[in-house]
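What follows is one structure encoded as structure tokens, with my remarks underneath.
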Amino acid sequence: MKIIKSTLTQSLFLTVQLSPMKRYEQYAQEITDLIKAQTLRPGDRLPSVRQASAHRKISPSTVFEAYYLLEARGLVQARPRSGYYVNALTQPTQAEPHTALPSQQSTPVVISDLVFEVLGSTRNLDVVPLGSAFPSPTLFPLDKLARSLTPAMRKLAPSRMVEDLTLGNDRLRRQIGLRYVVEGAAVEVDEIVITHGAMEALNLCLQVVTQPGDVVAVESPTFYSALQALERLNLRAVEVATHPRDGVDLDSLAEVLQRHPVKACWFMPNFQNPLGSLMPDHRKQALVELLATHEVPLIEDDVYGELYFGLRRPLPAKVYDRHGLVMHCSSFSKCLAPGYRVGWVAAGRFAQQVQRLKLMTTLATAIPSQLAISDYLQRGGYERHLRQLRQILATQQALALRLIAQHFPKSTRVTRPEGGYFLWLELPPQVDTLQLHRLALSQRISLAPGHMFSADQRFSHCLRLNYGHPGDDRFEEALKTVGLLACRLCEETGLGDARHPHLPPQYMSVPHTTT
């Protein structure tokens with residue numbers, strides 16, 4: 001097997017080479033960093049276009065584009081004949097959620113019935129999908145992907161129908177592999193297996209390294225699909241304390257590894273679902289080294305890594321892997337092609353076992369989907385699409401945070417992720433978010449209550465909120481309504497935390513059918 005080198009053909013390399021950030025984006029990011037560091041404070045005036053242009057030696061149009069981008073993200077506001085000022089609403093008005101302190105006992109998982117009950121509503125187009133796990137399909141270049149499909153299939157040699165079985169299309173695997181090269185990860189072409197989305201990749205990895213009854217470490221809270229996979233395979237979960245901003249607590253993980261015969265860790269270091277947390281690079285490296293000491297594989301779920309709002313893509317933990325113990329899983333579903341179900345795994349020392357299990361289960365991933373994506377990547381435009389997508393999501397997050405600050409109970413805590421499209425809300429302790437979900441559903445709004453994100457259903461006063469549906473005229477009103485309902489529940493428990501004590505009583509009626 002040959003490690004991918006940058007000496008591959010120049011045309012193929014250009015297909016996946018990451019485009020540099022544009023000048024206006026760089027300037028906008030510098031101002032964003034100053035605002036986050038509170039060097040620029042609410043009400044401070046930004047340099048005039050003329051001053052910024054002269055000082056930075058960039059064109060006035062570049063300055064304008066940067067200010068327009070900051071305005072779209074809700075970070076600054078324009079005042080007529082005065083200039084641009086830091087928006088007061090960009091400063092945190094609500095604290096971030098507490099770090100969970102999970103039980104260090106391993107437990108069986110029984111979560112699927114609740115997940116099916118709650119998520120049944122998200123398939124109804126009449127329901128505002130605040131509880132959905134998927135972004136809006138309108139965010140993706142589906143027309144261009146469709147146009148890539150026909151010529152790609154016409155060019156397909158009949159022999160490839162057999163040769164591309166199990167491992168996947170060779171050109172697509174090399175395109176994915178070159179992206180690893182750009183990130184600094186030494187990944188072999190033959191290590192990459194194309195799968196039916198990331199979920200198949202993750203499940204294959206889990207099955208390869210565990211047996212029924214084994215213990216798997218997961219984050220707290222964690223994505224319910226991980227819990228469902230453990231439930232299906234009759235595995236036990238042990239939860240690791242997870243900071244809402246910085247991800248897995250390494251001291252908590254070290255203690256779990258000492259106390260339990262952990263066979264694998266299923267973690268999401270980049271924009272974790274549901275928290276949106278992002279592990280700093282040095283902590284990812286320490287995580288990989290800690291697990292290597294214990295010879296414990298890491299199943300790395302990295303489906304949101306491309307949806308970052310900063311200067312560069314956060315590195316996967318796979319970059320720091322020197323022992324082949326990191327099984328890196330991702331897909332195009334969240335960043336390019338929802339519904340195409342094209343994911344992959346770079347499985348390290350377990351690659352051959354994953355390939356064999358793929359062969360014994362689903363045999364192969366649909367070839368047309370792979371060819372359409374490969375052709376789209378070859379034509380270029382992927383990085384431009386990603387830049388636009390990140391900008392839209394960042395703007396939408398700013399809107400959601402403002403609405404939460406204005407309409408939810410005053411003591412609500414909320415995350416501020418640096419990427420992705422989820423917020424994690426911690427409501428007052430007496431608010432049962434499963435009840436809140438059912439009330440919201442009576443108003444044709446879905447939520448993802450915190451009960452689904454833990455093996456013991458302990459996050460009963462928390463919820464995950466999907467803000468990845470820009471252009472939906474119902475979004476703002478739906479979020480206001482959920483805030484009103486939460487305030488009314490606070491009022492009923494006597495918390496004195498409600499902003500809107502006179503909510504009409506029809507908002508508090510729950511229909512008999514909730515799915």
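The values are calculated or read from the model by the stated rules, or taken from the named source; none is laboratory data. All of these numbers come straight from a predicted model, not from anything done at the bench. Quick reminder, even Gly has a Cβ in these numbers, built from the backbone with ideal geometry, and neighbours come from all protein chains shown.
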Applying the selection to the range 229-246, what residues are of a type in the set (Gly, Ala, Ser) and either farther than 30 Å from ALA95 by Cβ or crowded, with 24+ Cβ neighbours inside 10 Å (or both)? ALA229, ALA237
Enumeration of residues in the range 277-303 that are part of a loop (DSSP other than H, G, I, E, B) and crowded, with 24+ Cβ neighbours inside 10 Å: SER277, MET279, PRO297, VAL303
Reported set for the range 283-318 where residues are more than 19 Å from the chain's Cα centre (by Cα) and of a type outside the set (Ser, Thr, Tyr) is GLN285, ALA286, LEU287, VAL288, GLU289, LEU290, LEU291, ALA292, HIS294, GLU295, VAL296, PRO297
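Please report, ordered by residue number, the helices (runs of 4 or more DSSP H) entirely within the range 21-137 with at least 2 residues that are more than 25 Å from PHE408 (Cβ to Cβ) and modelled with pLDDT under 85. If you could, list the steps in order and put the result at the bottom.
On the way: elements: 23-36, 49-56, 60-72, 112-119.
Of the helices (runs of 4 or more DSSP H) lying wholly inside the range 21-137, those with at least 2 residues that are more than 25 Å from PHE408 (Cβ to Cβ) and modelled with pLDDT under 85 span 60-72.
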For the range 287-313, the count of residues that are touching a Lys or Arg at 6+ places or on another chain (Cβ under 7 Å) and either closer than 13 Å to SER331 by Cβ or among the charged types (D, E, K, R) (or both) equals 6
Quick check, is VAL238 under 16 Å from GLN105 (Cα atoms), in contact (Cβ under 8 Å) with a residue 60 or more places away in the chain and in the same structural domain as ASP281 (by TED's automatic domain parsing)? yes
Suppose we filter the range 470-500 for residues that are touching a Pro at 6+ places or on another chain (Cβ under 6 Å) and at pLDDT 85 or above; how many remain? 4
Taking ALA185 and the conditions (1) under 22 Å from the mean Cα position of the chain (by Cα); (2) aliphatic (A, V, I, L, M); (3) not in a loop (DSSP other than H, G, I, E, B), which numbered condition does it fall short on, given that it satisfies the others? (3)
Give the range 319-336 a look and list any residue that's buried (at least 20 other Cβ atoms within 10 Å of the Cβ) and either out of contact with any Lys or Arg (no Cβ under 9 Å at 6 or more places or on another chain) or under 20 Å from SER132 (Cβ atoms) (or both), or say none. ASP321, CYS329, SER330, SER331, PHE332, SER333, LYS334, CYS335, LEU336
Per-region count, the range 28-57, residues among the hydrophobic types (A, V, I, L, M, F, W, C), surrounded by fewer than 16 Cβ atoms within 10 Å (Cβ to Cβ) and within 15 Å of VAL76 (Cβ to Cβ): 1
What number goes with the only condition from (1) in contact with a Ser or Thr (Cβ under 8 Å, 6 or more places away or on another chain); (2) modelled with pLDDT of 95 or more; (3) under 30 Å from VAL296 (Cα atoms) that ALA351 does not pass? (1)
Which one of these does TYR308 not meet: (1) in contact with a Pro (Cβ under 8 Å, 6 or more places away or on another chain); (2) under 23 Å from THR210 (Cβ atoms); (3) surrounded by fewer than 24 Cβ atoms within 10 Å (Cβ to Cβ); (4) in contact (Cβ under 8 Å) with a residue 40 or more places away in the chain? (2)
Please specify each residue of the range 196-212 satisfying the condition of being assigned to a loop (DSSP other than H, G, I, E, B) and touching a Lys or Arg at 6+ places or on another chain (Cβ under 7 Å). THR210
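Here are some residues: GLN457, GLN406, GLN443. Which one is surrounded by fewer than 22 Cβ atoms within 10 Å (Cβ to Cβ), within 30 Å of GLN211 (Cβ to Cβ) and touching a residue at least 40 places away in the same chain (Cβ under 8 Å)? Talk me through it step by step, then tell me what you get.
Numbers: GLN406 fails: within 30 Å of GLN211 (Cβ to Cβ); GLN443 fails: within 30 Å of GLN211 (Cβ to Cβ).
Matching residue, one of GLN457, GLN406, GLN443: GLN457.
Go through the range 283-310 residue by residue and tally those that are of a type in the set (A, V, I, L, M, F, W, C) and over 18 Å from THR242 (Cα atoms).
Within the range 283-310, the first condition is being of a type in the set (A, V, I, L, M, F, W, C), and the residues that meet it are 286-288, 290-292, 296, 298-299, 303, 307, 309.
If we keep only those that are over 18 Å from THR242 (Cα atoms) too, we end up with 292, 296, 303, 307, 309.
Qualifying residue count for the region: 5.
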Out of the residues in the range 199-228 that are surrounded by 24 or more Cβ atoms within 10 Å (Cβ to Cβ) and small (Gly, Ala, Ser), which is farthest from THR365 (Cα to Cα)? SER220
